[in-house]
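The values are calculated or read from the model by the stated rules, or taken from the named source; none is laboratory data. The structure displayed is predicted, hence computed values, not measured ones. Here the Cβ positions follow ideal geometry from the backbone for every residue, glycine too, while neighbour counts run over all protein chains shown. Accessible surface is based on the protein model in full, side chains and every heavy atom, while ligands, DNA and RNA are left aside. Shrake-Rupley method; radii C 1.70, N 1.55, O 1.52, S 1.80 Å.
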Amino acid sequence: MEKLEKIINLAERRGFVFKSYEIYGGVGGFYDFGPLGVLLKNKIKELWLKDILNMPNIYLIETPIIGPRVLYEASGHIENFYDRLVECKSCHKRFREDHLLKGEYGEIEIKDNKALCPLCKGELTEARNFNLMFKTFVGPVEELASESYLRPETAQGIFVNFKNILNSMRAKLPFGIAQIGKSFRNEITPKNFIFRIREFEQMEIEFFVRPEEDEIWFNFWVEKRFKWYTDILGIKKENLVKHIQSEDELAHYAKKAIDIYYRFPFKEDEIEGIANRTDYDLKRHMEFSKEDLTYFDEKTKTKLIPYVIEPSAGVERILFALLCDAYDEDEVPNEKGKLEKRTVLRFKPAIAPVQVAVFPLLSNRKPLIEKAKEVFGIINNSSIIVIYDETGSIGKRYRRQDEIGTPFCITIDFQTLEDNTVTVRDRDTTKQERISINEILDYLKDKLKI
Ligand code: ATP
C-alpha cells in the first residue's frame, strides 16, 4: 500500500475522519470528523489562538456563515471568485483548466486543434467560468433581494466589523481582527482526501497596518506563521516550503502572497496563504455601503485607509499535514522480546489527540482495575487528555495507542498495589520508567510541556 493510502486507511479506521453520508453513498468533498479528529482539530485551533492572542492587539470575533449578495458584490467574489471549468464531452468528467495546464493529469493530447480528455480521450469543451460560492435564499421568497451566499472565506465578516472594533475596543493601528469558522467552496474537483473539500474550517487574521508599513508586517507574518508550524506544531522543517505566488496565481484583491506549502505524499501544496490585500476590501465596502471606513490617525491628524495583511490557514489541511508528518513504521520488541512491525504516529506530545492511556495490567483483577480507575481519575481531572483501556494484552494495547500517537501509556501492575508506583511507557523509545502516583501529574505535565 502507498503511504497516502495507509494514512487515509488509518484515519478512517481509528476515528479521525469518515466520509460524510457514507451509508447513502457519500457526497464528494464532505467529510465527518470522528472523536480523534475532533480532538486534533481542537488542538490545532487552541494552539493557533494561543499563539496569536499572545499579541496585545488582536481581537477575536465570530460572524455568520451566510452573507447577503451585496457583501459578495462588494468583495468582488461574485465577479471574480471562479475557476475555469472544462468538461469532457464523452465521459462528462469535469476538470479545472489550471490543473490540466499544470500537468496534474499528465501531458494533455491535442488532436485537430482540440484538447483531449486525459481519462477517456474524448473531446474537451471550451473552458467556462464557474463561480465557487454556494447560493441560497434568506426568507421564504426566492428573489434577487434575498439571494445570499455561504461564505467562501471568513474574511468578509471581519472587514464589515472594522468600524465596530475600532469604536468598541478603541483599537489603534497596527491591530488585527481574527476569526475561526466554517467556509464553503463548491470546488469543481474535490480530491486528495481532506485536502480539497467543499466545507472546511479557516483560521484567519486580517491585520490592519499603515499603508507604508505593509512590507514590514507582511514579512513579520510570514515568519511568525512559518515558525508556528515548526516550533509549535512540530512539523518537520524539510517538509515545509515557502511559495511566492506568481502574478497569475494572485487573487483579485492581492498585491503579494506567500503560501506555506506542505510536502504531502501526492504533491507539495498550500496549507496557509499570507496575502497583502492592500486597502482593496475596505475601499470596496466603503463604496458599496456608503459608510466611512477610514481610520483617523492621531499622529498626523489625517484620515487613512489601512492596508491589510492576511494569514489564512485551513484546519483540515493542517490536520492532514500533521497526520502525514507523524506517520511512521518501525519495529519494536513485543512482550516476548521478539521484534514486531508497528505503525506509529509520532505527534509532538503537546499536539497528540490523546496524551495518556491508563491500563490495568490484567482485566480480571479487581484491585488492579480499581487502582487504574483511580489513576485515570487523577489525570482526567487535569487538562491532560487521557483514556482508559482494559481490553486485550498489554502489547496489543500499546500498539493501539502507538497507532493513534498517544505519547505515554501508564500501566498499573501488582507492584503498584505495594508501593504506589506505576510504569510509564514512552511511545518513541518504548522504554518504561516507574513513577510514584503522587508525582504522576507533575511528571506528565513536564513531559507534555503544558
Ligand atoms: P487552492 O489554490 O488550493 O484552491 P486557495 O489559494 O484558493 O486554495 P485560500 O483562498 O488562500 O486558498 O484559502 C486559505 C486557506 O484555506 C488555504 O491555505 C487552505 O488551507 C484553506 N482552504 C482553501 N480552500 C480549501 C478547500 N477547498 N479545502 C480545504 N481547505 C481549503
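Inspect all residues belonging to segment 394-404 and state whether any of them is exposed (fewer than 15 other Cβ atoms within 10 Å of the Cβ) and over 34 Å from the mean Cα position of the chain (by Cα).
Checking segment 394-404: not a single residue is exposed (fewer than 15 other Cβ atoms within 10 Å of the Cβ) and over 34 Å from the mean Cα position of the chain (by Cα).
Condition first: among the small types (Gly, Ala, Ser) and either outside the structural domain of ILE205 (by TED's automatic domain parsing) or more than 14 Å from GLU270 (Cα to Cα) (or both). Now tell me which residues in segment 289-320 satisfy that.
Scanning segment 289-320 gives a single hit, SER289.
Within segment 357-387, work out how many residues are among the basic types (Lys, Arg) and loosely packed, with under 14 Cβ neighbours inside 10 Å.
Residues in segment 357-387 being among the basic types (Lys, Arg) and loosely packed, with under 14 Cβ neighbours inside 10 Å: 1 in total.
Out of all the residues in segment 247-258, is one or more at pLDDT 95 or above, open to solvent by less than 20 Å² (accessible area, probe 1.4 Å) and more than 16 Å from the ligand (Cβ to nearest atom)?
For segment 247-258, residues at pLDDT 95 or above, open to solvent by less than 20 Å² (accessible area, probe 1.4 Å) and more than 16 Å from the ligand (Cβ to nearest atom): absent.
Suppose the filter is out of contact with any Gly (no Cβ under 9 Å at 6 or more places or on another chain), farther than 19 Å from ASP51 by Cα, outside any loop (DSSP other than H, G, I, E, B) and within 16 Å of the ligand (Cβ to nearest atom); does TYR261 pass it?
For TYR261, the condition - out of contact with any Gly (no Cβ under 9 Å at 6 or more places or on another chain), farther than 19 Å from ASP51 by Cα, outside any loop (DSSP other than H, G, I, E, B) and within 16 Å of the ligand (Cβ to nearest atom) - is met.
Could you grab me the full set of residues in segment 273-287 that are part of a helix (DSSP H, G or I), surrounded by fewer than 23 Cβ atoms within 10 Å (Cβ to Cβ) and either among the hydroxyl-bearing types (Ser, Thr, Tyr) or in contact with a strand residue (DSSP E or B) (Cβ under 7 Å, 6 or more places away or on another chain) (or both)?
Within segment 273-287, just TYR280 meets the criteria.
Looking at ILE205, ILE232, which one is among the aliphatic types (A, V, I, L, M) and either more than 15 Å from the chain's Cα centre (by Cα) or open to solvent by 40 Å² or more (accessible area, probe 1.4 Å) (or both)?
Checking each option against the conditions leaves just ILE232.
Listed here are the residues, each with its yes/no results for (1) of a type in the set (A, V, I, L, M, F, W, C); (2) open to solvent by 50 Å² or more (accessible area, probe 1.4 Å).
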| site | (1), (2) |
| --- | --- |
| ALA145 | yes, yes |
| LEU150 | yes, no |
| THR154 | no, no |
| GLY157 | no, no |
| ALA171 | yes, no |
| GLY176 | no, no |
| LYS182 | no, yes |
| ARG185 | no, yes |
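Given the options THR189, THR154, THR125, name the one that is polar (S, T, N, Q), within 14 Å of the ligand (Cβ to nearest atom) and touching a Lys or Arg at 6+ places or on another chain (Cβ under 7 Å).
Among THR189, THR154, THR125, only THR189 is polar (S, T, N, Q), within 14 Å of the ligand (Cβ to nearest atom) and touching a Lys or Arg at 6+ places or on another chain (Cβ under 7 Å).
Filter segment 303-341 down to the residues that are within 16 Å of the ligand (Cβ to nearest atom) and of a type in the set (D, E, K, R), then identify the one that is farthest from ASP426 (Cα to Cα).
GLU310
Please specify each residue of segment 166-185 satisfying the condition of being under 30 Å from ASN129 (Cβ atoms) and over 18 Å from the mean Cα position of the chain (by Cα).
none
So which residues in segment 62-118 are open to solvent by 70 Å² or more (accessible area, probe 1.4 Å), among the charged types (D, E, K, R) and within 14 Å of THR189 (Cβ to Cβ)?
ARG84, LYS93, ARG94, LYS102
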